[in-house]
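The values are calculated or read from the model by the stated rules, or taken from the named source; none is laboratory data. No experiment lies behind these values; they were computed from the predicted model shown. Glycine gets a Cβ as well: all are built from the backbone with ideal geometry, and neighbour counts include every protein chain shown. Just so you know, the surface numbers come from the protein's heavy atoms only, side chains and all, with ligands and any DNA or RNA stripped out. Shrake-Rupley method; radii C 1.70, N 1.55, O 1.52, S 1.80 Å.
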Amino acid sequence: MEGDSGRALQQLAQGCAECRRCSLAEGRQQVVVSRGDPRAALMVIGEGPGAQEDASGSPFVGRAGQLLDRMLESVGIDSNRDAYICNVVKCRPPENRKPSPQEMAACLPWLQQQVELVQPQVLLLAGGTAVEGVLGIKGGITRLRGQWQRWQGRWCLPIFHPSYLLRNPSREPESPKWHTWQDLKAVRDRLEQLRAAPEPSADSSGAP
């Protein structure tokens, strides 16, 4: 099955490279599909590629991505081994602007296909655009962050986007960075709970 899934993900990446569903394709250097482990229980979803991501072809590799890596590592999550990282849109919006609703809608089938192939147990939604793109909820990341949501049978947790934390570097209690650390610890704990949950038994009769 892993081989089939791997081939399907390669086909998805090829499909994204050929995609012309919206005008973002016209200005991109590269399509930015994913990085990390497609067998991971955690999927991190951001907004869209920036300049460094557009140049490298990998998501979250600039300053914000490096901060995300460090913060995940601080709670025992290796971003390349324990997570699969992608974005709501796969092509860089001009001047790093927020992707439009039409652009997010055009790219949503790719994201849904990634979720279906990776089968993550937990989705970490980085920033308000990821929340809007996945859950359809606009605005209010300050209100929504740290509040568990359910989407297609999966646990989702909105957090502040790492680029926002770069502009608000304080680690004092109740600061955005402090809250994000609490949120990431909650993600780690939820993953550990799911990992420890007993597998459904094939024999439900109660017989030994």
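Side notes on the structure shown:
- In this structure, Q147 does not qualify as modelled with pLDDT under 95, over 12 Å from A64 (Cβ atoms) and open to solvent by 40 Å² or more (accessible area, probe 1.4 Å).
- Only residues that are within 19 Å of the chain's Cα centre (by Cα) and of a type in the set (G, A, S) were counted in the range 9-33, giving 1.
- Only helices (runs of 4 or more DSSP H) whose full extent lies in the range 98-208 are considered here, and the ones with at least 2 residues that are under 22 Å from V61 (Cβ atoms) and out of contact with any His (no Cβ under 9 Å at 6 or more places or on another chain) are 101-118, 128-135, 162-167, 176-196.
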